[in-house]
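*Asks:* One structure follows; several queries about it will come next.
Please treat every number below as a calculation from the coordinates, not as lab data. Only a predicted model underlies this, so the values are computations on that prediction, with no experimental measurement involved. Here Cβ is always computed from backbone atoms with ideal geometry, including for glycine, and neighbour counts include all displayed protein chains.
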Amino acid sequence: MKKYLRITPEGTKDFLFAECAAMDDVCGRIENVFKTRGFKRVITPGIEFYDVFSLPCSGIAQEDMFKMTDNKGRLMVVRPDSTLPIARMVSSRLKNNVMPVRLYYKQAVYRNNPTLTGRRNEFMQMGVELIGVQGLRADLEVITTAIQAVKSVANDFRIELGHAEVFDALSDELSISEEYKEKIRQSIEGKNYSALNNLLDKLQPCRAVSAIRSLPSLFGGEEVFEQAREICSGTKAAQALDYLHQIYTSLLALGLGDKLIIDLGLVQRNDYYTGIVFTGYINGIGDAVLSGGRYDELLSEFDMPLGAAGFAIDTDAVTLKALSDGGSYSDKPDVLVFAEDGCEMQAIALVEQLCGEGKKAQFSVLSTLEETQAFAAQRGIAEVRICSR
Amino acid sequence: MQPLRIALTKGRLEKTTIELLEKIGYNCDEVRNKGRRLILPVGDNDFEVVLAKAADVITYVEHGVCDLGVVGKDTILEHGSSFYELLDLGFGKCRFALATKKDSDFYGGYNTKTIATKYPNVTRAFFDDKNMDVRIIKIEGSVELAPLVGLADGIVDIVETGSTLKANGLEVIEWVTDISARLIANTASLKLRKREIEELQKKLEAVTG
């Protein structure tokens, strides 16, 4: 007996009918935004060499990747992320291309999550990368594209902004090991105030220590800058803060109001991001649906020092939300066209005509009118037309 | 808008949390007379309380079906992954400890030690930190039994008063970490409902000192 004949592996699922329609709708809206903003699609292989993802800055743990070997015994992984392969691609295929390049992708990524947590091991991601340029204009382009993409699929959302250098500059002032720094970073990321206090209490009290202590609570609107400026003045973080303020002030033109949040405790994947960082949340989804930022050091790992920024959207989460909101993704035809013997081609022509008029029409493939009517009744199809001589 | 939903760890943590909520002015009569209900309104529908087992509190908060949760640090260390830990509530205090039979030389010799515990992840992390290979056996009931019957060289478990250890001829040889109840929040909820959550957090902070 084949034990696993009829089930899918944990963390994966089949998508049927309305689910696909919803996914197409969500991805279509986002794709439309990407395309109108001038991003061009790329597809990278589903399997890559492990080396691409084992870079120290990749931020993807070894145990989270699905691995296998090729016929030469080399270690391969099933793509756990799209940005690293794109960096690899740019450094080889686009080496002589005119910079900057605007790329977008729409492809599944795979993570080997712990079992029984209900997390997905295969999920669709869409995102953009703007490679070969640095500075305010590039950052604004990427962030506004992200906002527009989220806006195209949700009304109630939040976009939060931070800057990787705020924490980096402050923690560089402390003479602590990388390990200790990482512990501090984790407790800020988790807004774990008690752990953070414990870690900082062990250090010599100084300006940077008290600034770091307040990072996780520095989130909100414009007022965050005033509080932060006091705390960070005279440190290198002040420069990053000014830049963040500049971005924030520019984005006010979008009229997002309190949908735009500043979070100086946004320190995820801090080895990877080097400048502005941002995440997006949609009401009704318990996790960030969008995350991105500037990663100017990644391309150097591929011997191509170029500025780059981008983001990824978890479109599966958005699709699920669209379905649970009861969006109409009906796959039911309005009209079923039955052909009497010999009238098949006439009926098929009629179907084409009806579809041309914007109706959902379908040619009945059943051989009798009774069967066709019974099928229409079962599926709740309102109209059956008959083509006869 | 739907009221904030808070998952509480059933039992002692639940009782103390309810006392705290009453202290900051919320009417918790419905929770006190809960009968067999598992979702209960608090105050003037200010928020909803959900009662769950400790590890499930984390699961509900992580998946965003509950906005906040009250759970012990022990459970967070064992099962935790991605959520915000907002506040040390200061009650439910105890400690994780490594204990062995009295006067046994745990760190001596070169043979790999066996540890019995209900908390394999906490134990793994503790010994990983020491770069020490150990064999970990998960036990569901009274862990103190394992070294006595010869299954394990030591145990890693929660110690409150230490009287159970003493009564069984065991002693603490090292403290692993301190434990108390924590207020946790779903990452998206904290961003989407910042004001409500911060308000409650501040009130709780004021009474927990």
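*Asks:* Using square roots of five times the C-alpha gyration tensor eigenvalues, list the equivalent-ellipsoid semi-axes of the range B:1-92 in whole Å, biggest first.
*Replies:* Working from the Cα gyration tensor, I get semi-axes of 20, 14, 12 Å.
*Asks:* Now for a different question. Determine the sum of side-chain charges near A:Leu299: Lys and Arg each +1, Asp and Glu each -1, restricted to other residues whose C-beta is under 12 angstrom from that of A:Leu299.
*Replies:* Charge balance in the 12 Å sphere: -2.
*Asks:* Also: Counting only C-alpha contacts under 8 Å and six or more residues apart, can you give the relative contact order of the range A:157-274 as a whole percent?
*Replies:* 50 percent
*Asks:* Let me ask another. Considering only A:Phe219, A:Ala164, A:Leu196, whose Cα is most displaced toward the positive end of the charge dipole of the range A:136-258, charges sitting on Cβ of Lys, Arg (+1) and Asp, Glu (-1)?
*Replies:* A:Leu196
*Asks:* Another one. As a test of the definition: which semi-axes, in Å, follow for chain B when you take the square root of five times each eigenvalue of its alpha carbon gyration tensor? Largest first, please.
*Replies:* 38, 17, 14
*Asks:* Here's something else I'd like to know. Where does the Debye-calculated log10 I(q)/I(0) of the range B:56-126 sit at q = 0.15, 0.17, 0.25 Å⁻¹, using only Cα point scatterers of equal weight, no solvent?
*Replies:* -0.65, -0.76, -1.23
*Asks:* Taking the alpha carbon gyration tensor of the protein assembly as shown, what are the square roots of 5 times its eigenvalues, largest first, to the nearest whole Å?
*Replies:* Each semi-axis is √(5λ); the values are 47, 33, 28 Å.
*Asks:* Using a Gaussian network for chain A with springs between C-alpha atoms less than 10 Å apart, which of these wobbles most: A:Ile247, A:Ile285, A:Ile159?
*Replies:* In the Gaussian network model the winner is A:Ile285.
*Asks:* Something else: Angle between the Cα long axis of helix A:83-92 and the longest principal axis of chain A, 0 to 90 degrees, nearest 10?
*Replies:* 90 degrees
*Asks:* Taking only the C-alpha atoms, wrap a convex hull around the range A:335-387 and report its volume per residue in Å³ as a whole number.
*Replies:* Hull volume over Cα atoms, normalised by residue count, gives 59 Å³.
*Asks:* Tell me which residues come under 5 Å, amide H to amide H, from A:Cys387 once H is placed; ignore anything under 5 positions away on its chain.
*Replies:* A:Phe338, A:Ala339, A:Glu340
*Asks:* Just tell me which aspartates and glutamates come within less than 15 Å, Cα to Cα, of B:Lys53; anything on the same chain fewer than 8 places away is out.
*Replies:* B:Glu14, B:Glu62, B:Asp74, B:Glu78
*Asks:* Express the relative contact order of the range B:94-178 as a whole percentage, based on alpha carbon pairs under 8 Å and six or more residues apart in sequence.
*Replies:* Averaging sequence separation for qualifying contacts and normalising by length gives 51 percent for the range B:94-178.
*Asks:* Where nothing but the Cβ of Lys and Arg (+1) and of Asp and Glu (-1) is charged, how large is the charge dipole of the range B:93-209 around its Cα centre, in debye to the nearest 20?
*Replies:* Charge dipole, the range B:93-209, about its Cα centre: 540 debye, nearest 20.
*Asks:* How big is the range A:157-274 on each of its three principal axes, counting only the C-alpha atoms and giving the largest first in Å?
*Replies:* Principal-axis extents of the Cα atoms in the range A:157-274, largest first: 44, 29, 24 Å.
*Asks:* Going toward the positive end of the dipole of the protein assembly as shown, with +1 on Lys and Arg Cβ and -1 on Asp and Glu Cβ, which of A:Ile381, B:Thr75, A:Val26 do you reach last?
*Replies:* About the Cα centre, the residue reaching furthest to the positive side is A:Ile381.
*Asks:* Right, another one. When the convex hull of the C-alpha atoms of the range B:94-178 is computed, what volume per residue in Å³ does it have?
*Replies:* Here the figure is 86 Å³ per residue.
*Asks:* Further, regarding this structure: Quote the relative contact order of chain B in percent (integer), defining contacts as alpha-carbon pairs under 8 Å separated by 6+ residues.
*Replies:* Contact order relative to length: 27 percent.
*Asks:* About its Cα centre, what dipole magnitude does the range A:335-387 give when the only charges are +1 on Lys and Arg Cβ and -1 on Asp and Glu Cβ, stated in debye to the nearest 20?
*Replies:* It comes to approximately 280 debye.
*Asks:* Also, I was wondering about something else. Name the residue farthest towards the positive end of the dipole of chain B from the options B:Asn27, B:Val57, B:Leu38, assuming +1 on Cβ of Lys and Arg, -1 on Cβ of Asp and Glu, about the Cα centre.
*Replies:* Checking the options against the dipole of chain B, the answer is B:Leu38.
*Asks:* Let me ask something else. In whole angstrom, how far apart do the alpha carbon centroids of the range A:203-268 and the range A:21-55 sit?
*Replies:* 31 Å
*Asks:* Taking springs between alpha-carbon atoms closer than 10 angstrom, which of B:Tyr119, B:Tyr84, B:Tyr110 fluctuates most in the Gaussian network model of chain B?
*Replies:* Answer for the Gaussian network model of chain B: B:Tyr110.
*Asks:* Please get the size of the charge dipole for the range A:67-135, origin at its Cα centre, with Cβ charges of +1 on Lys and Arg and -1 on Asp and Glu, quoted in debye to the nearest 20.
*Replies:* That gives a dipole near 140 debye.
*Asks:* Can you grab the distance from the C-alpha centre of the range A:92-169 to the C-alpha centre of the range B:64-116, Å, no decimals?
*Replies:* So the two Cα centres are separated by 36 Å.
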